[in-house]
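Heads up, the thing below is written out as structure tokens.
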Amino acid sequence: MAATSTELFAFLDRLGIAHQTVTHPPLFTVEQSQALRGQIPGGHTKNLFLKDKKGALYLVTALEDATIELKSLHRLIGASGRLSFGSAEHMRQALGVEPGAVTPFGTINDAQHRIAVLLDAALMAHQAINAHPLVNTMTTTIGRDDLIKFLRATGHEPRIIAFALTSPQGE
């Protein structure tokens, strides 16, 4: 059974991670997020759930307006062959989320540690980072260092890579 947002928040609290959450209408795309979320400071994420030719799973988290070249990303991250989007079923099994709610917080549900987490360096230039807390009707803000702490607590050692082609400078 996948963790709920409430369980995620309790986990963050146990780790001593400060977090703020805003509720909003469901957001399925970056464009909807930009239009409907209101003024939430910090870096807002774009999250891609990917798999390589051998079935290895990757979560790519970048700034929402970053351009990521999927055709060559596999070489940069050392994946086996080109990357493609993971299926909704794999997403549910590995991250415990539905399409439109992909988030680094989903690693709380990856007890088998199947997912390699890749964070874009431009995103990590922001002091505060915003992501969906397992559902796309909320946005949760945590500190950059706290995101790393959270990921490590879930058994995921993130790799920070400059893989976005274009990203604005951090705050």
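Can you tell me which residues in region 129-145 are touching a helix residue (DSSP H, G or I) at 6+ places or on another chain (Cβ under 8 Å) and either part of a helix (DSSP H, G or I) or of a type in the set (F, W, Y) (or both)?
Of everything in region 129-145, just one residue is touching a helix residue (DSSP H, G or I) at 6+ places or on another chain (Cβ under 8 Å) and either part of a helix (DSSP H, G or I) or of a type in the set (F, W, Y) (or both), namely R144.
Could you list, in sequence order, the residues of region 4-54 that are assigned to a loop (DSSP other than H, G, I, E, B), closer than 30 Å to H74 by Cβ and open to solvent by less than 50 Å² (accessible area, probe 1.4 Å)? Steps first, answer last, please.
Of the residues in region 4-54, the ones assigned to a loop (DSSP other than H, G, I, E, B) are 4, 15-19, 24-29, 37-42, 52-54.
Filter once more, so that each one left must be closer than 30 Å to H74 by Cβ: 27-29, 42, 52-54.
Of everything in region 4-54, those that are assigned to a loop (DSSP other than H, G, I, E, B), closer than 30 Å to H74 by Cβ and open to solvent by less than 50 Å² (accessible area, probe 1.4 Å) turn out to be L27, G42, D52.
Tally the residues that are over 24 Å from A3 (Cα atoms), open to solvent by 20 Å² or more (accessible area, probe 1.4 Å) and part of a strand (DSSP E or B), restricting the search to region 55-91.
Residues that pass the stated criteria total 2.
In region 92-128, what residues are assigned to a loop (DSSP other than H, G, I, E, B), touching a residue at least 40 places away in the same chain (Cβ under 8 Å) and of a type in the set (D, E, K, R)?
D110, R114 - these are the residues of region 92-128 that are assigned to a loop (DSSP other than H, G, I, E, B), touching a residue at least 40 places away in the same chain (Cβ under 8 Å) and of a type in the set (D, E, K, R).
When you look at T29, is it of a type in the set (S, T, N, Q), at pLDDT below 95 and closer than 23 Å to N109 by Cα, yes or no?
Details: of a type in the set (S, T, N, Q): yes; at pLDDT below 95: yes; closer than 23 Å to N109 by Cα: yes.
Yes.
The values are calculated or read from the model by the stated rules, or taken from the named source; none is laboratory data. Since this is a predicted model, take the numbers as computed values, not measurements. Quick reminder, even Gly has a Cβ in these numbers, built from the backbone with ideal geometry, and neighbours come from all protein chains shown. Note: areas computed on protein heavy atoms with side chains; ligands, DNA, RNA excluded. Shrake-Rupley method; radii C 1.70, N 1.55, O 1.52, S 1.80 Å.
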